[in-house]
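> Here it is: the structure, laid out below.
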Amino acid sequence: MRIVTCSALFSLVLSPVWANDFEPSMKAYLENSIRNWATAPVLIDAINGQNARTSGYSQAQIDAMDTAWRAEVGTASTPTITPVLENAAADFLREQVVKSGGQITEVFVMDAHGLNVAASAATSDMWQGDEAKFQQTYPVGPDAAHFGDVELDASTQSYQAQISLTIVDPATGAPIGAMTVAVDAESLM
């Protein structure tokens, strides 16, 4: 019997030939474990509220917020980060992480610009609008989903895959933002 270590397994799994093998599992996880809470009123209210506040923001304002966020990461003073981590929607997201029993490592929701609205933990930046997790969801439409590659996450030190989806307001059927759920890669095997 040959024993394969976790690192050897992940080096095989992370090769380009194997990277897409996780997509069927990621799609199943999205449908079975995420969609049932992705339109919770607390998330919809938080996104709609932030969209109302940020609808007229220029790219310069968005960039300034992102720069401030990045400068605050790992410091004691976090006036840009704290409102995203300390709100009812963020509390709800942390509950989903706990309920997942270790399958979800982090989750965050974004507004119509791709700015963080609520997060289970601090992300490395505030503006996701320049990344595939946002660009391949919200602007694409209500049914869009993006499945990222399995990668080593620096903040959690675990291999994870990001599942991103458009968030739709159930009252209007219109896309209002996006959500990214990072799932522990081992739970997808």
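> Compute the signed sum of charges (Lys and Arg +1, Asp and Glu -1) over the other residues within less than 14 Å, Cβ to Cβ, of Leu93.
My count for the surroundings of Leu93 gives -3.
> What number do you get for the chain when its Cα radius of gyration is normalised by 2.2 N^0.38 Å, N = residues?
Dividing the Cα radius of gyration by 2.2 N^0.38 Å gives 1.04.
> Another question, if that's okay. What translational diffusion coefficient, in µm²/s and rounded to a whole number, does the Stokes-Einstein relation yield for the range 32-125 at 4 °C and a viscosity of 1.567 mPa s, taking the hydrodynamic radius as the Kirkwood radius over Cα pairs?
The calculation lands on 93 µm²/s.
> Output wanted: per-residue J couplings in Hz (rounded whole) for the range 159-172, from phi through Karplus 6.51 cos²θ - 1.76 cosθ + 1.60, θ = phi - 60°, x for Gly and Pro.
Working through the residues one at a time gives 7, 9, 10, 9, 10, 10, 8, 6, 9, 10, 6, x, 6, 10 Hz.
> Using a 1.4 Å probe on the protein chains only, how many percent of the accessible area of the chain belongs to carbon and sulfur?
Taking all protein chains in place, the chain shows 55 percent carbon and sulfur surface.
> With every protein chain present, what is the per residue accessible area of the range 31-189 (1.4 Å probe, Å²)?
Using a 1.4 Å probe on heavy atoms only, each residue of the range 31-189 averages 45 Å².
> All other residues with a Cβ under 10 Å from the Cβ of Ala121 taken together, and with Lys, Arg as +1 and Asp, Glu as -1, what is their net charge?
Taking every other residue near Ala121 into account, the sum is 0.
> Go ahead and estimate [θ] at 222 nm for the chain from helices alone: -39,500 (n - 2.57) per DSSP H run with n ≥ 4, summed, over the residue count, rounded to 500.
Taking each H run of at least 4 residues, the total per residue is -9500 deg cm²/dmol.
> Can you find, among Ala178, Pro24, Ala122, the residue farthest towards the positive end of the dipole of the chain? Put +1 on the C-beta of Lys and Arg, -1 on that of Asp and Glu.
Ranked along the dipole, the leading option is Pro24.
> Something else about it: If we count every other residue with Cβ under 10 angstrom of Pro175's Cβ, Lys/Arg +1 and Asp/Glu -1, where does the sum land?
For residues surrounding Pro175, the net value is -2.
> In debye to the nearest 20, how big a dipole does the range 71-189 give about its Cα centre with +1 on each Lys and Arg Cβ and -1 on each Asp and Glu Cβ?
Magnitude of the dipole: close to 180 debye.
The values are calculated or read from the model by the stated rules, or taken from the named source; none is laboratory data. Keep in mind it's a predicted model, so treat the numbers as computed, not measured. Heads up, the Cβs are rebuilt from the backbone with ideal geometry, glycines too, and the neighbour counts pull from every protein chain shown. Please note that ligands, DNA and RNA were not included when accessible areas were found on the heavy atoms of the full protein model with its side chains. Shrake-Rupley method; radii C 1.70, N 1.55, O 1.52, S 1.80 Å.
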